[in-house]
Amino acid sequence: MSQLFTPFQLGPLALRNRIAIAPMCQYSAEDGLATDWHMMHLGHLALSGAALLMTEATAVTPEGRISARDLGLWSSRHQQVLAPVIQAIRRHSPIKLAVQLGHAGRKASSKVPWEGGASVPPGEEGGWQTVAPSALPHAPGDAPPEALDEAGLQRIRDAFVDAARRVHALGIEGIELHGAHGYLLHQFLSPIANQRRDQYGGSLENRMRFPLEVFDAVRAAVPPEVAVGMRISATDWVDGGWDLEQSVVFAQELKQRGTDFMHVSSGGVSPLQKIPVGPGYQIQFAARIKKETGLPTIGVGLITEAEHAESIIVQGEADVVALARGILYDPRWPWHAAAKLGAQVDAPPQYWRSQPHGLKQLFGETSLGQR
């Protein structure tokens, strides 16, 4: 039996298989509001056969958006506009849902990728003043962010809580806090971005303090049946930056606070990073965190082949495999993986007749010969 297609309990979430869809920014919102694109994009991914669908990075404040086209959840209006998308998915798919809540910090106020992705200075169209742990720009030539004071930190903590409550009100089962890819929570963790001299900077304990405060506040704001986890960059890929050893300590702290899962990625806090990109290049980090903490762990990073995903689960390197660009390219990746591995996968009955001849009950149904 394929281990990739066995059930798994991700905290309170009962997953039908070990395939998740990672959060992927779409840069298609209007003033943070979901649009028709989100209905189409999330709708077709919900029919993929994966067990878990995580929405793109969803900003908890307007200035926390990566770009002016990012999705947000900082008001009841944003919740109201996103609701029909969630309701449509519920009508047609058993997939579990999670929202990735985040704040871009000093990497906010940027152009969308297909326009180059460059930082947009305050005062220019699509630009605003960014905030961060320290007044250090992400890259040379970027406008420096404002260092957050205690009032600013409290405002952002409260914004995460308010957004988390909206996620729960939408009936969504999971929340992933974005502590990776050089965004605000990662900025606090990394000595590259965090050079504060107060209780939030310096030692590892101090640098972990604000991300842990945000986690504690969100965990307390939603009921236990809502899974709350953290995505981290296990290493900055820069000497003197955040690394795997610190990531293990951070994961252990999160475990003590009741995190339901860790989603392990890497990089993003510095343009000096040197990443040896290749299939599964981050899985070693997920494997270490899983081994050291025993936490449910999601592995991600250029996993494109069914056999590779299967081996990750069989070898115990991660509990769940997340797909990103690979499932954008092939939105039926789980169907094709199930066919290769001799497994069954969820599919809507409208699509059952698509099963190729010679495959035995790929969709777990026998009524495939409809006229």
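Any read-out appearing in this document is the output of simple, stated calculations on the displayed coordinates, not a laboratory observation. Remember, predicted model here, so these are calculated numbers, not experimental data. Because the Cβ atoms are built from the backbone with ideal geometry, glycine has one as well, and the counts that use them run over all protein chains shown.
Between helix 76-92 and the chain there is an angle of about 20 degrees, using the helix long axis and the longest principal axis of the Cα atoms.
Neighbour counts of C-beta atoms inside 10 Å place 208, 262 in the sequence 208, 262, starting with the fewest.
Quick one: order 345, 314, 161 by neighbouring beta-carbon count within 10 Å, fewest to most.
Details: 345 23, 314 11, 161 19.
By the 10 Å Cβ count, ascending: 314, 161, 345.
A simple packing score, the average count of other Cβ atoms within 10 Å per residue, orders the peptides 107-120, 169-182 as 169-182, 107-120, with the highest score first.
In terms of the mean number of neighbouring beta-carbon atoms within 10 Å, the peptides 136-143, 188-195 order highest first as 188-195, 136-143.
Helix 283-293 and the long axis of the chain differ in direction by around 80°, with both axes built from C-alpha atoms.
The coefficient of translational diffusion for the range 1-48, derived via Stokes-Einstein from the alpha carbon Kirkwood radius under 20 °C and 1.002 mPa s, stands at 165 µm²/s. Using only the Cα atoms of the range 8-354, each taken as one equal point scatterer with no solvent, compute I(q) by the Debye sum, divide by I(0), and report log10 of the ratio at q = 0.07, 0.14 Å⁻¹. Values returned for q = 0.07, 0.14 Å⁻¹ are -0.26, -1.14. Whole-Hz Karplus values for the range 150-158 come out as 4, 5, x, 4, 5, 4, 6, 4, 5 Hz, taken residue by residue from phi with 6.51 cos²θ - 1.76 cosθ + 1.60 and θ = phi - 60°; glycine and proline positions read x. Taking θ as phi - 60° and the Karplus parameters 6.51, -1.76 and 1.60, the scalar couplings of the range 180-197 work out to 10, 6, x, 8, 3, 5, 5, 4, 5, 5, 8, x, 5, 9, 10, 10, 5, 10 Hz in sequence order, x denoting glycine and proline. Annotation for the range 304-339 versus the range 88-140: alpha-carbon center distance of 27 Å. Taking a ≥ b ≥ c as the square roots of the eigenvalues of the Cα gyration tensor, the range 256-335 is oblate, since a/c reaches 1.5 or more and a/b is not larger than b/c.
Adding -39500 (n - 2.57) for every DSSP H run of four residues or longer, then dividing by how many residues the chain holds, sets the calculated 222 nm ellipticity at -10000 deg cm²/dmol.
Let me have the relative contact order for the chain, percent, based on Cα pairs under 8 Å that are six or more residues apart. Please list the in-between numbers first.
Details: 819 pairs, mean separation 60.3, N = 371.
The value is 16 percent.
For the pair residue 31 and residue 361, what calculated FRET efficiency results from E = 1/(1 + (r/R0)^6), where r is the Cβ-Cβ distance and R0 = 35 Å, to the nearest 0.05? Efficiency, from the Cβ-Cβ distance: 0.15. Once you list every other residue whose beta carbon is under 9 Å from the beta carbon of residue 264, what net charge do they have if Lys and Arg are +1 and Asp and Glu are -1? Here the count lands on +3.
Mind running the shape call on the range 191-284? Use the C-alpha gyration tensor, a ≥ b ≥ c as the square roots of the eigenvalues: rounded below 1.5 for a/c, prolate if a/b tops b/c, oblate otherwise. Since a/c reaches 1.5 but b/c is at least a/b, the shape of the range 191-284 is classed as oblate.
Ranked by the mean number of other Cβ atoms within 10 Å of their residues, highest first, the peptides 54-66, 15-27, 76-88 fall in the order 54-66, 15-27, 76-88. Taking the Cα centre of the range 8-354 as reference, the dipole from Cβ charges on Lys and Arg (+1) and Asp and Glu (-1) amounts to some 680 debye. Axis of helix 204-221 versus longest Cα principal axis of the chain: the two differ by about 50°, to the nearest ten degrees. Residue 186 sits among other residues whose Cβ lies under 10 Å from its own Cβ, and their net charge, with Lys and Arg +1 and Asp and Glu -1, is +1.
Placing unit charges on the Cβ atoms of the charged side chains and taking the dipole of the chain about its Cα centre, the candidate lying farthest along the positive direction among 154, 72, 110 is 72. As an equivalent ellipsoid, the range 50-113 spans semi-axes of 24, 13, 9 angstrom, where each value is the square root of five times an eigenvalue of the C-alpha gyration tensor, largest first. When both bridge partners sit in the range 8-354, DSSP labels roughly 10% of those beta bridges antiparallel.
Rounded to whole Å, the principal axis extents of the Cα atoms in the range 1-126 read 57, 27, 25, largest first.
For the range 308-320, putting each phi into the Karplus relation 6.51 cos²θ - 1.76 cosθ + 1.60 with θ = phi - 60° gives couplings of 5, 4, 4, 5, 4, 6, 4, 7, x, 6, 7, 8, 9 Hz, in residue order, rounded to whole numbers and with x for Gly and Pro.
Only loop residues by DSSP count here, and only those with at most 15 other Cβ atoms within 10 Å; note down the trypsin sites (Lys or Arg not before Pro) in the range 322-362 that meet that. Provide the component values of the computation, followed by the final result.
On the way: sites: 325, 332, 340, 353, 360; in loops: 332, 360.
Taking the range 322-362 and a limit of 15 other Cβ atoms within 10 Å, the loop trypsin sites (Lys or Arg not before Pro) found are 360.
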